Every structure is written in C-alpha cells, then in structure tokens.
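Chemist: Have a look at this one.
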Amino acid sequence: MPSPSSRPVRIHWFARLEHRFHAWRERRARKRGRTATVVPFPGYGGPGWIRVVGRVLILPKTRGRGKDASVRGWRSFMGIPVSFATVTITVAGRTHEVTADRGGVIDCRIEADLPSGWQQVTMSVEGQEATPARIFVVAEDVRFGVVSDVDDTVMVTALPRPLIAAWNSFVVDEHARTPVPGMAVLLERLMRDNPGSPMIYLSTGAWNVAPTLNRFLSRHLFPAGSMLLTDWGPTHERWFRSGREHKLQNLGRLAEEFPHMRWLLIGDDGQHDEAIYGQFLVDHPENVAAVAIRRLLPAEGVLAGRRAAARADGDAADAEARDEDLAPWVSAEDGAGILDELIDVGVVHSES
C-alpha cells in the first residue's frame, strides 16, 4: 500500500473547473494576439533577502490612460491569470527566474543585498518590457513595525456582507470609498516616530484590487507600505480560501523573518481580527508591541455582519493573551481615539 505522502493530491473539483475556465479564456485571448504582463505589488525584505510579490495576467484593453488607469473595481477582476508562467526578476543587475502559481501569483524570496528603505527591482514575462516593482528593505537594527488590516480598519467597506462586498469590489469608484477618520494620521504618526519601520497592509482582499487599493491609500495620504493580499477562489481542498488562515500564516512568516521585531497589530472588531491577533500574541508574545482594535460604529457593525458569535469567538481567542498581559490592548472608534490610547499605554510618545 502506498504511503500517504506518495498518494496523488486530490484537487477540489471546483478548483479544476476554475483552472479549465481560465485556460479557455487564455487560449481565446492569445488567438487574438494579446500577451501576458506582470502586475507587481509592493514587497518587503531584510538584510540579504527580499520578498517579491506580483501576478501574471492578460489584462483587458483600456482606453487612453494605460493599463492601470481604470478606477472601476470590476475591471481589475477581468484580467486572465496565467498559470505557471516563468517570470524574470532583475535585482541589482542579477536576474532570477521564478514560476507563478496556478492563479498566476508570484510570491518568492530572493537572496539579495539591497540598501534599507524603498528599493526598485524589475519583473518581466514572455519577453515583454520589464515592469518596476517596489520593495521596502528593513534595516538590521529596526525593532518596530506596523501591521494593519484594510477593510473597515483604514477603509469603510462593510466587506463581509456578500452583496455589499460585490458592490464595493466591482462597482464603486475608488474616489467614492471612505477612509476611516483619523487612521491616515495615526499611521503617518507611527511611521514618522519610527523612521525605517515597515508598514504592512495585511488584508483578506483579493490581489485584483491591489492597484485600486494603492491609489486609495495614496490619495488619502496613508503611508506607503507593502501589501499582503490573497487570491480569491477555490483551493485544492476547499471552495474558498480561508482569510483567517491567510492572516495567521503571514503573521507567522513575519515573526520568522524578523525574529527581533515587535509589531503593532491594527484591526477592527467586525469579524475575526481580535481572535487572529490574540492567537498570534499567544504564539509569539515576543513579537507583539501592542494590539489596536477599531470599534465599528453600530450602523457599520450591522452592515459588516457583526454577530454575537463572532464577538464571542474573538473574546475566547484573545482571552488568554489578555489575561497573561503579554502586550497592551487598546480600542477606539477612530484613528484619533486609538492614537490617544496608544499614548496612554506608552506605545506612542506624546508630542506635548
């Protein structure tokens, strides 16, 4: 009898169907002469290495202002992912070839010595013109960083409700999206008080919306940061990817990559951020400076689908962390309130 490790991996039937659908779309697009391109996302790195993220897509044609000109979210989802494409990444004059995954996503670690701060590498596929990608390299002596959720933490989206999520993702103009009051000021203050610290936007949102999100953050004066989003759709084992697993895996990876770093974790109480951050705090107490939770307003809580069970889940998950007093927990309804709370517990120094 073959060992479990030697048995072929069973792929969920919906994942196989999705792959066939995208392969059919790709064949049609290539018959029309369209080619693949790389859409880069802001990455990060440390001494001797960088994490490069992006996606290989065949993009829909746009009019007038270039491939990234559209502000309507639905256009971002019309790109055709190119499975297992070979991507050439050039870092400091050296080239590296990596392979995208089944969804066209590139997420790789490359050994490279780059100066600290924002640096640029290039990515290309199928002989196309190289596309620049930004990487934030963290200096060896930096000991503080910020990880922030996006939906209902920096941007009011009410994402968990399916119909509202579809409206926000596919229809709403990015100019109409509303920032959470005071959050841009809070994050900018944290970056100003801690020069050289990494800013990580960790979200369960799809990679498709990364260009729109990047423009939103820039327009509303949020500090530039690396993005860790996810790929919507089925996995080998299940109908859809687990947002909670995505966040925990990336937080765990940050703890391994920056073992001496302490993170300020910022989220909201609409779904499971409290439970996720509580679990990470229990597992990695030495890597957490504080947890800051934005309390949704009553109307936002209803739209976000906040339920008593979700709150109970969060309370149970973070109870051990709070009881052990491993790191300060603060909460408020906006960025200004969170800033005041962080000053009170000594995470942020008062300017007065």
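Readers should treat all values here as calculations from the given coordinates under stated rules, not as data from a laboratory. On a predicted model such as this, the values are computed, not experimentally measured, just so you know. Positions of Cβ are backbone-derived with ideal geometry, glycine not excepted, and every protein chain shown enters the neighbour counts.
Chemist: Which distance in nm do the two modelled labels at residue 139 and residue 334 give, with both placed 7 Å along the Cα-to-Cβ direction?
Modeler: 3.5
Chemist: Once a ≥ b ≥ c are taken as the square roots of the eigenvalues of the Cα gyration tensor of region 176-224, is the result rounded (a/c under 1.5), prolate (a/b larger than b/c) or oblate (a/b not larger than b/c)? The partial results should precede the final answer.
Modeler: On the way: a/c = 2.25, a/b = 1.45, b/c = 1.55.
In terms of gyration-tensor shape, oblate.
Chemist: Which whole-Hz ³J(HN,Hα) couplings does region 92-97 yield from phi under the Karplus relation 6.51 cos²θ - 1.76 cosθ + 1.60, θ = phi - 60°, glycine and proline marked x?
Modeler: Using θ = phi - 60°, the values come out as 6, x, 9, 9, 9, 9 Hz.
Chemist: Between residue 269 and residues 5 or more places away or on another chain, which pairs have amide H atoms under 5 Å apart, with H built 1.01 Å from N, and which residues are they?
Modeler: 294, 296
Chemist: Work out how much length residue 96 to residue 224 would gain on full extension: take 0.36 nm times their residue separation and subtract the Cα-Cα distance, in nm to one decimal. Walk me through the numbers on the way to the answer.
Modeler: Working: separation 128, 0.36 × 128 = 46.08 nm, distance 2.60 nm.
Result for the pair: 43.5 nm of gain on full extension.
Chemist: On to the next question. Give a residue-ordered list of calculated ³J(HN,Hα) values for region 261-272 (Karplus: 6.51 cos²θ - 1.76 cosθ + 1.60, θ = phi - 60°; whole Hz; x for Gly, Pro).
Modeler: Along region 261-272, the couplings run 8, 10, 9, 8, 9, 10, x, 9, 9, x, 9, 10 Hz.
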